[in-house]
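Notes follow the structure.
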Amino acid sequence: MTGMLPHQHGIYQTALRATQPRTPGERIVDSLPDFATIFAQLVRHQLWHDCDIPTIPPRRRRQLELRRLKFRKRAGSAELRAALGPHPSLLDAVGWDDAGYRFTDRFDDDRFLVDNAAEGALRLEILQFHAMDMMGHWYLDTPEEQVRFHRRLDALLERLAEKCRSRGVTMVLITDHGQERVHNTLDLKRRLGELDLPSDEYAYFFQAVMARFWFRSERAREAVRVLLEGLPHGTLLDWRGLHAHGVEFPNDEYGELFFVPDPGWEIFPDDFHHPLINLVFGLTNWQERKRLRRGRHFGSHGYLPQHECERGFLLALDDRYSVSASHGRLIDVAPTLLSMLGIDASAGMKGESLLRA
(Lines give C-alpha, C1' and ligand atoms only; values in the text may rest on other atoms or scores of the structure.)
Protein backbone atom coordinates (compact mmCIF):
# COMPACT_ATOMS: atom_id res chain seq x y z
CA MET A 1 0.00 0.00 0.00
CA THR A 2 2.73 2.49 0.91
CA GLY A 3 5.72 1.47 -1.21
CA MET A 4 7.84 2.07 1.88
CA LEU A 5 10.18 -0.13 3.92
CA PRO A 6 8.94 -1.54 7.27
CA HIS A 7 10.94 0.85 9.44
CA GLN A 8 9.59 3.83 7.51
CA HIS A 9 5.90 3.18 8.07
CA GLY A 10 6.12 1.03 11.22
CA ILE A 11 2.86 -0.72 10.36
CA TYR A 12 2.63 -4.32 11.48
CA GLN A 13 5.57 -3.87 13.82
CA THR A 14 5.97 -4.28 17.57
CA ALA A 15 8.06 -1.85 19.61
CA LEU A 16 9.09 -1.67 23.26
CA ARG A 17 7.53 1.06 25.35
CA ALA A 18 9.36 3.00 28.03
CA THR A 19 8.82 1.57 31.51
CA GLN A 20 6.13 3.40 33.48
CA PRO A 21 5.09 3.00 37.14
CA ARG A 22 2.00 0.85 37.48
CA THR A 23 -1.25 2.42 38.63
CA PRO A 24 -3.23 0.82 41.50
CA GLY A 25 -5.74 -0.47 38.93
CA GLU A 26 -2.98 -2.05 36.87
CA ARG A 27 -1.60 -3.75 39.95
CA ILE A 28 -5.01 -5.27 40.63
CA VAL A 29 -5.33 -6.47 37.02
CA ASP A 30 -1.83 -7.97 37.17
CA SER A 31 -2.82 -9.99 40.21
CA LEU A 32 -5.56 -11.78 38.26
CA PRO A 33 -4.85 -15.15 36.60
CA ASP A 34 -3.73 -14.94 32.97
CA PHE A 35 -6.74 -16.99 31.94
CA ALA A 36 -9.12 -14.35 33.34
CA THR A 37 -7.41 -11.38 31.67
CA ILE A 38 -7.14 -13.18 28.33
CA PHE A 39 -10.84 -14.07 28.54
CA ALA A 40 -11.69 -10.39 29.10
CA GLN A 41 -9.58 -9.35 26.11
CA LEU A 42 -11.22 -12.04 23.98
CA VAL A 43 -14.72 -10.79 24.85
CA ARG A 44 -13.68 -7.24 23.93
CA HIS A 45 -12.15 -8.48 20.67
CA GLN A 46 -15.28 -10.42 19.70
CA LEU A 47 -17.63 -7.53 20.49
CA TRP A 48 -15.74 -4.53 19.14
CA HIS A 49 -12.76 -5.85 17.12
CA ASP A 50 -10.71 -2.91 18.45
CA CYS A 51 -7.81 -4.96 19.82
CA ASP A 52 -5.62 -7.55 18.21
CA ILE A 53 -3.79 -10.49 19.77
CA PRO A 54 -6.02 -10.96 22.84
CA THR A 55 -3.55 -13.57 24.11
CA ILE A 56 -0.97 -11.44 25.91
CA PRO A 57 -1.43 -10.80 29.66
CA PRO A 58 -1.79 -7.06 30.47
CA ARG A 59 1.51 -6.93 32.36
CA ARG A 60 3.31 -7.88 29.12
CA ARG A 61 0.97 -6.02 26.79
CA ARG A 62 1.74 -2.70 28.53
CA GLN A 63 5.41 -3.17 27.67
CA LEU A 64 4.67 -3.36 23.94
CA GLU A 65 3.35 -0.97 21.34
CA LEU A 66 1.48 -3.12 18.83
CA ARG A 67 1.38 -1.22 15.54
CA ARG A 68 -0.56 -3.91 13.73
CA LEU A 69 -2.87 -3.43 10.76
CA LYS A 70 -5.15 -6.43 11.12
CA PHE A 71 -8.70 -6.94 9.88
CA ARG A 72 -11.12 -9.77 10.63
CA LYS A 73 -14.22 -10.75 8.66
CA ARG A 74 -14.81 -7.71 6.39
CA ALA A 75 -13.27 -4.28 5.87
CA GLY A 76 -13.52 -1.46 3.35
CA SER A 77 -11.87 1.80 2.33
CA ALA A 78 -12.83 3.64 5.53
CA GLU A 79 -11.24 1.00 7.76
CA LEU A 80 -8.08 0.90 5.66
CA ARG A 81 -7.73 4.69 5.65
CA ALA A 82 -8.06 4.80 9.44
CA ALA A 83 -5.52 1.97 9.85
CA LEU A 84 -2.93 3.59 7.58
CA GLY A 85 -3.15 6.83 9.55
CA PRO A 86 -0.74 9.53 8.37
CA HIS A 87 1.23 7.27 6.05
CA PRO A 88 0.71 8.13 2.36
CA SER A 89 -0.39 5.22 0.21
CA LEU A 90 -1.16 4.45 -3.41
CA LEU A 91 -4.84 5.15 -2.65
CA ASP A 92 -3.87 8.69 -1.60
CA ALA A 93 -2.00 9.10 -4.89
CA VAL A 94 -5.05 7.96 -6.88
CA GLY A 95 -7.50 9.83 -4.64
CA TRP A 96 -9.83 8.13 -2.19
CA ASP A 97 -12.86 9.20 -4.25
CA ASP A 98 -11.42 7.32 -7.24
CA ALA A 99 -10.13 4.25 -5.38
CA GLY A 100 -11.72 1.45 -3.39
CA TYR A 101 -10.67 -1.36 -1.07
CA ARG A 102 -12.51 -4.49 0.05
CA PHE A 103 -11.23 -7.19 2.38
CA THR A 104 -12.69 -10.49 3.47
CA ASP A 105 -11.20 -13.41 5.35
CA ARG A 106 -14.18 -15.64 4.62
CA PHE A 107 -13.82 -18.45 2.12
CA ASP A 108 -17.54 -18.28 1.24
CA ASP A 109 -17.67 -14.48 0.87
CA ASP A 110 -16.66 -14.24 -2.79
CA ARG A 111 -19.81 -12.32 -3.73
CA PHE A 112 -18.69 -9.46 -1.48
CA LEU A 113 -15.52 -9.21 -3.55
CA VAL A 114 -16.73 -9.88 -7.08
CA ASP A 115 -20.34 -8.78 -7.53
CA ASN A 116 -19.67 -5.05 -7.19
CA ALA A 117 -16.14 -5.05 -8.63
CA ALA A 118 -14.96 -3.73 -12.00
CA GLU A 119 -18.05 -1.61 -12.62
CA GLY A 120 -15.92 1.19 -14.09
CA ALA A 121 -16.74 3.86 -11.51
CA LEU A 122 -13.29 3.74 -9.88
CA ARG A 123 -9.77 4.09 -11.31
CA LEU A 124 -8.35 1.56 -8.85
CA GLU A 125 -9.98 -1.22 -6.84
CA ILE A 126 -8.09 -3.47 -4.44
CA LEU A 127 -9.76 -6.75 -3.47
CA GLN A 128 -8.01 -8.68 -0.70
CA PHE A 129 -8.99 -12.35 -0.43
CA HIS A 130 -7.41 -13.22 2.90
CA ALA A 131 -9.11 -16.61 3.03
CA MET A 132 -6.31 -17.99 0.87
CA ASP A 133 -3.87 -17.32 3.70
CA MET A 134 -6.21 -18.81 6.30
CA MET A 135 -6.71 -22.01 4.32
CA GLY A 136 -2.96 -22.46 3.99
CA HIS A 137 -2.39 -22.05 7.70
CA TRP A 138 -5.07 -24.52 8.76
CA TYR A 139 -5.46 -26.96 5.84
CA LEU A 140 -2.07 -27.30 4.17
CA ASP A 141 -1.90 -30.87 5.51
CA THR A 142 -5.20 -31.81 3.82
CA PRO A 143 -4.76 -32.13 0.02
CA GLU A 144 -8.45 -32.71 -0.69
CA GLU A 145 -9.41 -29.49 1.11
CA GLN A 146 -6.69 -27.58 -0.74
CA VAL A 147 -7.95 -28.90 -4.08
CA ARG A 148 -11.54 -27.97 -3.24
CA PHE A 149 -10.50 -24.51 -2.11
CA HIS A 150 -8.32 -23.76 -5.14
CA ARG A 151 -10.99 -24.97 -7.57
CA ARG A 152 -13.41 -22.50 -6.03
CA LEU A 153 -10.76 -19.79 -6.08
CA ASP A 154 -10.04 -20.53 -9.77
CA ALA A 155 -13.74 -20.18 -10.54
CA LEU A 156 -13.88 -16.86 -8.68
CA LEU A 157 -10.87 -15.50 -10.56
CA GLU A 158 -12.25 -16.70 -13.89
CA ARG A 159 -15.54 -14.92 -13.20
CA LEU A 160 -13.72 -11.75 -12.15
CA ALA A 161 -11.34 -11.85 -15.14
CA GLU A 162 -14.23 -12.26 -17.59
CA LYS A 163 -16.05 -9.33 -15.98
CA CYS A 164 -12.91 -7.19 -16.28
CA ARG A 165 -12.45 -8.13 -19.95
CA SER A 166 -16.04 -7.28 -20.81
CA ARG A 167 -15.69 -3.84 -19.22
CA GLY A 168 -12.22 -2.97 -20.46
CA VAL A 169 -10.72 -3.14 -16.98
CA THR A 170 -7.16 -4.39 -16.41
CA MET A 171 -6.94 -7.07 -13.74
CA VAL A 172 -3.71 -7.60 -11.81
CA LEU A 173 -3.29 -10.70 -9.64
CA ILE A 174 -0.81 -10.39 -6.76
CA THR A 175 0.24 -12.89 -4.13
CA ASP A 176 3.04 -12.03 -1.72
CA HIS A 177 4.05 -15.46 -0.42
CA GLY A 178 3.37 -19.18 -0.38
CA GLN A 179 3.12 -21.58 2.57
CA GLU A 180 5.44 -24.21 4.03
CA ARG A 181 4.08 -27.35 5.70
CA VAL A 182 4.79 -27.22 9.46
CA HIS A 183 6.14 -30.43 10.94
CA ASN A 184 7.91 -29.35 14.15
CA THR A 185 7.67 -26.77 16.93
CA LEU A 186 10.04 -25.04 19.30
CA ASP A 187 8.84 -24.16 22.83
CA LEU A 188 10.80 -20.97 23.45
CA LYS A 189 8.71 -19.95 26.45
CA ARG A 190 9.72 -23.11 28.28
CA ARG A 191 13.38 -22.63 27.35
CA LEU A 192 13.29 -19.03 28.61
CA GLY A 193 11.72 -20.17 31.86
CA GLU A 194 14.62 -22.55 32.41
CA LEU A 195 17.01 -19.55 32.43
CA ASP A 196 15.35 -18.32 35.64
CA LEU A 197 15.79 -14.66 34.68
CA PRO A 198 13.67 -11.95 36.37
CA SER A 199 10.89 -10.94 33.99
CA ASP A 200 11.69 -7.23 34.40
CA GLU A 201 15.14 -7.71 32.82
CA TYR A 202 13.86 -8.48 29.33
CA ALA A 203 10.77 -8.35 27.12
CA TYR A 204 9.76 -10.52 24.19
CA PHE A 205 7.17 -10.88 21.46
CA PHE A 206 6.61 -14.25 19.77
CA GLN A 207 5.15 -14.74 16.33
CA ALA A 208 4.99 -18.24 14.90
CA VAL A 209 8.07 -17.63 12.74
CA MET A 210 9.86 -14.82 14.57
CA ALA A 211 10.83 -14.17 18.16
CA ARG A 212 12.12 -10.71 19.09
CA PHE A 213 13.72 -9.60 22.33
CA TRP A 214 14.58 -6.40 24.20
CA PHE A 215 16.83 -6.27 27.27
CA ARG A 216 17.18 -4.17 30.40
CA SER A 217 20.26 -5.90 31.76
CA GLU A 218 23.46 -7.25 30.25
CA ARG A 219 22.98 -10.47 32.18
CA ALA A 220 19.66 -11.16 30.45
CA ARG A 221 21.04 -10.15 27.04
CA GLU A 222 23.95 -12.58 27.31
CA ALA A 223 21.88 -15.46 28.72
CA VAL A 224 19.22 -15.21 26.01
CA ARG A 225 21.84 -14.79 23.28
CA VAL A 226 23.66 -17.96 24.37
CA LEU A 227 20.36 -19.85 24.51
CA LEU A 228 19.32 -18.78 21.01
CA GLU A 229 22.75 -19.44 19.50
CA GLY A 230 22.53 -23.01 20.74
CA LEU A 231 19.15 -23.75 19.21
CA PRO A 232 19.09 -25.84 16.01
CA HIS A 233 16.65 -25.26 13.17
CA GLY A 234 16.76 -21.48 13.16
CA THR A 235 18.78 -18.30 12.59
CA LEU A 236 19.73 -15.70 15.20
CA LEU A 237 20.08 -12.10 13.98
CA ASP A 238 20.41 -8.72 15.59
CA TRP A 239 18.67 -5.68 14.09
CA ARG A 240 21.71 -4.96 11.92
CA GLY A 241 21.70 -8.52 10.60
CA LEU A 242 18.18 -8.02 9.26
CA HIS A 243 19.53 -5.47 6.77
CA ALA A 244 20.84 -8.30 4.58
CA HIS A 245 17.26 -9.56 4.27
CA GLY A 246 15.65 -6.28 3.25
CA VAL A 247 14.50 -5.18 6.72
CA GLU A 248 16.54 -2.04 7.28
CA PHE A 249 15.69 -1.12 10.86
CA PRO A 250 17.82 1.90 11.83
CA ASN A 251 18.03 0.89 15.52
CA ASP A 252 16.76 -1.63 18.05
CA GLU A 253 13.30 -0.03 18.46
CA TYR A 254 11.61 -3.11 16.99
CA GLY A 255 13.90 -5.62 18.69
CA GLU A 256 17.52 -6.18 19.69
CA LEU A 257 17.69 -9.89 18.86
CA PHE A 258 15.55 -11.87 16.41
CA PHE A 259 15.25 -15.63 16.12
CA VAL A 260 13.72 -16.98 12.88
CA PRO A 261 12.96 -20.73 12.66
CA ASP A 262 13.82 -22.77 9.59
CA PRO A 263 10.97 -23.53 7.16
CA GLY A 264 8.83 -26.34 8.50
CA TRP A 265 9.36 -25.19 12.10
CA GLU A 266 7.27 -22.83 14.24
CA ILE A 267 7.57 -21.24 17.64
CA PHE A 268 4.77 -22.66 19.77
CA PRO A 269 3.20 -21.53 21.99
CA ASP A 270 3.40 -17.99 20.63
CA ASP A 271 1.56 -14.71 21.29
CA PHE A 272 -1.25 -15.54 18.86
CA HIS A 273 -2.42 -18.96 19.98
CA HIS A 274 -3.90 -19.73 23.38
CA PRO A 275 -6.20 -22.65 24.29
CA LEU A 276 -9.11 -20.29 25.01
CA ILE A 277 -8.61 -18.38 21.75
CA ASN A 278 -8.37 -21.63 19.81
CA LEU A 279 -11.61 -22.84 21.39
CA VAL A 280 -13.62 -19.71 20.56
CA PHE A 281 -12.21 -19.16 17.06
CA GLY A 282 -12.52 -22.87 16.28
CA LEU A 283 -16.19 -22.88 17.27
CA THR A 284 -17.17 -19.59 15.61
CA ASN A 285 -15.29 -19.85 12.29
CA TRP A 286 -15.45 -23.09 10.33
CA GLN A 287 -12.29 -22.10 8.42
CA GLU A 288 -10.36 -22.41 11.69
CA ARG A 289 -12.18 -25.48 12.97
CA LYS A 290 -8.91 -27.41 13.11
CA ARG A 291 -7.81 -25.18 15.99
CA LEU A 292 -9.95 -27.53 18.09
CA ARG A 293 -7.83 -30.50 17.06
CA ARG A 294 -4.41 -28.85 17.16
CA GLY A 295 -3.89 -25.27 18.26
CA ARG A 296 -0.99 -24.50 15.94
CA HIS A 297 -0.64 -23.98 12.20
CA PHE A 298 -0.40 -26.75 9.63
CA GLY A 299 1.22 -24.34 7.16
CA SER A 300 3.21 -21.15 7.69
CA HIS A 301 5.19 -18.33 6.09
CA GLY A 302 7.28 -15.36 7.15
CA TYR A 303 10.63 -17.16 7.15
CA LEU A 304 13.81 -15.61 5.80
CA PRO A 305 13.18 -14.37 2.24
CA GLN A 306 15.55 -16.71 0.40
CA HIS A 307 13.26 -19.67 1.06
CA GLU A 308 10.90 -20.86 -1.67
CA CYS A 309 7.70 -20.35 0.35
CA GLU A 310 8.42 -16.63 0.63
CA ARG A 311 8.14 -16.01 -3.10
CA GLY A 312 5.05 -14.49 -4.65
CA PHE A 313 4.11 -13.20 -8.07
CA LEU A 314 2.44 -10.33 -9.90
CA LEU A 315 0.43 -11.12 -13.03
CA ALA A 316 -1.18 -8.46 -15.24
CA LEU A 317 -3.97 -9.86 -17.45
CA ASP A 318 -3.34 -7.28 -20.17
CA ASP A 319 -0.97 -7.83 -23.11
CA ARG A 320 -0.30 -4.10 -23.38
CA TYR A 321 2.22 -4.50 -20.55
CA SER A 322 5.57 -6.27 -20.41
CA VAL A 323 7.90 -7.08 -17.54
CA SER A 324 10.63 -4.53 -16.81
CA ALA A 325 12.43 -6.52 -14.07
CA SER A 326 13.20 -10.18 -13.42
CA HIS A 327 12.13 -9.97 -9.78
CA GLY A 328 10.69 -7.47 -7.34
CA ARG A 329 9.86 -6.72 -3.73
CA LEU A 330 6.65 -5.80 -1.94
CA ILE A 331 7.64 -2.13 -2.02
CA ASP A 332 7.43 -2.31 -5.83
CA VAL A 333 3.71 -3.11 -5.88
CA ALA A 334 2.45 0.44 -5.22
CA PRO A 335 4.70 2.13 -7.83
CA THR A 336 3.75 -0.57 -10.36
CA LEU A 337 0.02 -0.03 -9.98
CA LEU A 338 0.45 3.75 -10.08
CA SER A 339 2.53 3.55 -13.26
CA MET A 340 -0.24 1.55 -14.92
CA LEU A 341 -2.58 4.44 -14.12
CA GLY A 342 -0.12 7.04 -15.44
CA ILE A 343 0.42 8.46 -11.94
CA ASP A 344 3.85 9.29 -10.55
CA ALA A 345 4.86 7.45 -7.39
CA SER A 346 4.75 9.48 -4.21
CA ALA A 347 8.04 10.95 -2.99
CA GLY A 348 8.24 8.54 -0.04
CA MET A 349 7.85 5.38 -2.10
CA LYS A 350 11.10 3.44 -2.38
CA GLY A 351 10.07 0.81 -4.92
CA GLU A 352 10.09 0.78 -8.72
CA SER A 353 7.54 -0.24 -11.33
CA LEU A 354 7.83 -3.85 -12.45
CA LEU A 355 5.85 -3.36 -15.69
CA ARG A 356 6.09 -1.11 -18.70
CA ALA A 357 3.51 -0.30 -21.33
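Odds and ends about this structure:
- Pairs with Cβ under 9 Å, 6+ apart, first in the stretch 213-233 and closer than 14 Å to residue 258 by Cβ, second surrounded by 14 or more Cβ atoms within 10 Å (Cβ to Cβ) and among the β-branched types (Val, Ile, Thr): 213/224; 215/224
- Of the residues making up the stretch 271-289, not a single one is touching a Gly at 6+ places or on another chain (Cβ under 9 Å) and at pLDDT 95 or above.
- Looking only at the stretch 325-349, and only at residues there that are among the aliphatic types (A, V, I, L, M) and not in a loop (DSSP other than H, G, I, E, B), the one that is surrounded by the most Cβ atoms within 10 Å (Cβ to Cβ): 337
- Residue match in the stretch 195-202 (condition: closer than 25 Å to residue 53 by Cα, part of a strand (DSSP E or B) and free of Cβ contacts under 8 Å to residues at least 40 places away in the same chain): yes
Results for (1) without any contact (Cβ under 8 Å) to a residue 24 or more places away in the chain; (2) more than 22 Å from residue 285 (Cβ to Cβ); (3) part of a helix (DSSP H, G or I), shown as yes or no for each residue.
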site: 137; (1), (2), (3): no, no, yes
site: 141; (1), (2), (3): no, no, no
site: 148; (1), (2), (3): yes, no, yes
site: 154; (1), (2), (3): yes, yes, yes
site: 162; (1), (2), (3): yes, yes, yes
site: 169; (1), (2), (3): no, yes, no
site: 173; (1), (2), (3): no, yes, no
site: 178; (1), (2), (3): no, yes, no
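- Meets criteria (of a type outside the set (Val, Ile, Thr), at pLDDT 95 or above and farther than 16 Å from residue 267 by Cα) for residue 240: yes
- Top-ranked residue of the stretch 179-206 - restricted to ones that are in contact with an Asp or Glu (Cβ under 7 Å, 6 or more places away or on another chain) and surrounded by fewer than 18 Cβ atoms within 10 Å (Cβ to Cβ), ranked as nearest to residue 1 (Cα to Cα): 181
- Residue under evaluation residue 214, criteria (1) farther than 18 Å from residue 287 by Cα; (2) at pLDDT below 95; (3) surrounded by 19 or more Cβ atoms within 10 Å (Cβ to Cβ), criterion not met: (2)
- Residue selection: residue 40 fails the criterion of being closer than 30 Å to residue 342 by Cα and either modelled with pLDDT of 90 or more or not in a loop (DSSP other than H, G, I, E, B) (or both).
- Screening 276, 314 for residues that are in a strand (DSSP E or B) and surrounded by fewer than 18 Cβ atoms within 10 Å (Cβ to Cβ) leaves exactly one candidate, 314.
- Residue ID - farthest from the chain's Cα centre (by Cα), chosen from residues in the stretch 146-164 that are farther than 17 Å from residue 113 by Cβ and surrounded by 14 or more Cβ atoms within 10 Å (Cβ to Cβ): 148
- Taken as a whole, the structure leaves residue 357 outside the set of residues that are closer than 18 Å to residue 94 by Cβ and crowded, with 17+ Cβ neighbours inside 10 Å.
The values are calculated or read from the model by the stated rules, or taken from the named source; none is laboratory data. Just so it is clear, the structure is predicted and the values come from calculations on it, not from any experiment. For neighbour counting, all protein chains shown are included, and Cβ atoms are generated from backbone atoms with ideal geometry for every residue, glycine included.
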